[in-house]
1. For the range 54-69, what does the Karplus curve 6.51 cos²θ - 1.76 cosθ + 1.60, with θ = phi - 60°, yield as ³J(HN,Hα) per residue in whole Hz, taken in order and with x for Gly and Pro?
2. Could you do me a favour and compute the accessible area per residue for the chain, 1.4 Å probe, result in Å²?
3. Quick check: net charge around TYR14, other residues with Cβ under 12 Å of its Cβ, Lys/Arg +1 and Asp/Glu -1?
Amino acid sequence: MRRFQQVPDWSPGYINVCPHHMDIMIECTACGAMRTFDRNILPNELKHALIVEIEKRLRCSCGVKAAKLRFGHFVDDQKASFEAPGPTDD
């Protein structure tokens, strides 16, 4: 199962300087709902906008305009187990 790992206390300021390998989630601070954000659907006038300007325009399905953009990446919950190489008998 994949989960979103947020980069703590990071905001690129402007959406156009956010690296494209970075995943973006929208979180409603009113109801707690989260969903992915597709920067490619932004209208042309918002392609170089401040993050706070974009957040002001986002409305949750609960009807409230209280969204925050979260930046990070998705990780698998299954942790890979790595074994350190043991001593060799040479």
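The values are calculated or read from the model by the stated rules, or taken from the named source; none is laboratory data. All figures in this text were calculated on a predicted structure; none of them were measured in a lab. Positions of Cβ are backbone-derived with ideal geometry, glycine not excepted, and every protein chain shown enters the neighbour counts. When the accessible area is computed, the model is the full protein with side chains, heavy atoms only, and any ligands, DNA or RNA have been set aside. Shrake-Rupley method; radii C 1.70, N 1.55, O 1.52, S 1.80 Å.
1. Values, residue by residue: 5, 4, 4, 8, 7, 10, 6, 5, 7, x, 9, 9, 9, 9, 10, 8 Hz.
2. 76
3. Details: positive: ARG39, LYS47; negative: GLU53.
Once all neighbours under 12 Å are counted, the net charge is +1.
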